[in-house]
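The values are calculated or read from the model by the stated rules, or taken from the named source; none is laboratory data. It should be emphasised that the depicted structure is a prediction, and the values quoted were computed from it without experimental measurement. Don't worry about glycine lacking a Cβ; one is built from the backbone with ideal geometry, like all the others, and counts go over all protein chains shown.
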């Protein structure tokens with residue numbers, strides 16, 4: 001059997017360029033030894049608030065940020081919203097509706113949505129807080145020899161990072177609940193789905209990740225044999 005040199009060259013390319021080493025116990029381990037925990041945050045429709053409520057919210061949010069004694073990263077992910085399924089549901093409701101007036105209203109609303117989408121891109125925003133844990137917090141004892149190099153042991157990193165990240169997570173949940181925001185820590189599966197959708201944006205909406213074997217690559221190159 002002759003190995004395809006092109007397939008050998010491409011195999012694992014995506015994984016080699018990702019900074020992620022592993023995802024264990026809802027924590028992302030990076031190749032440089034650092035770790036992060038990812039939290040999804042709910043949003044507030046700021047424009048619907050009164051001017052007084054807006055000022056109060058901005059002031060409270062500023063106080064939260066100024067009170068933190070550890071760094072966080074705020075990530076806003078914007079995606080074009082696919083409303084094809086929503087329009088399909090409206091068509092089904094229209095067909096099932098027997099009342100002429102309601103049928104006409106659904107049809108009118110469907111046309112309004114279609115025209116709105118044509119004029120403007122419909123975007124959805126998702127908000128995340130990323131809590132980092134630095135490799136420098138581990139100390140020299142976390143390094144274990146491997147051949148001629150010294151590398152980081154995953155379990156050692158996790159044993160130190162997990163309690164630190166969980167304490168910071170709980171603190172953020174308490175702080176943001178005061179301004180009416182809910183924070184949901186992402187679990188292993190949700191983290192994998194998030195990164196998969198980021199790096200495979202074109203196909204992620206049509207696919208679901210069923211393989212939970214983290215030892216296997218999430219993305220595999222597929223080549224057609226000529």
Residue check, residue 144 touching a strand residue (DSSP E or B) at 6+ places or on another chain (Cβ under 8 Å) and either at pLDDT below 85 or under 25 Å from residue 26 (Cβ atoms) (or both): yes
When residues of the stretch 104-133 are limited to those that are in contact with a helix residue (DSSP H, G or I) (Cβ under 6 Å, 6 or more places away or on another chain) and assigned to a helix (DSSP H, G or I), the one nearest to residue 187 (Cα to Cα): 110
Criterion: at pLDDT below 80, touching a helix residue (DSSP H, G or I) at 6+ places or on another chain (Cβ under 7 Å) and on the phi < 0 side of the Ramachandran plot - qualifying residue of 138, 186: 138
Residue match in the stretch 77-86 (condition: over 30 Å from residue 129 (Cα atoms) and touching a helix residue (DSSP H, G or I) at 6+ places or on another chain (Cβ under 7 Å)): no
Yes/no for residue 194 being over 30 Å from residue 91 (Cβ atoms) and at pLDDT 85 or above: yes
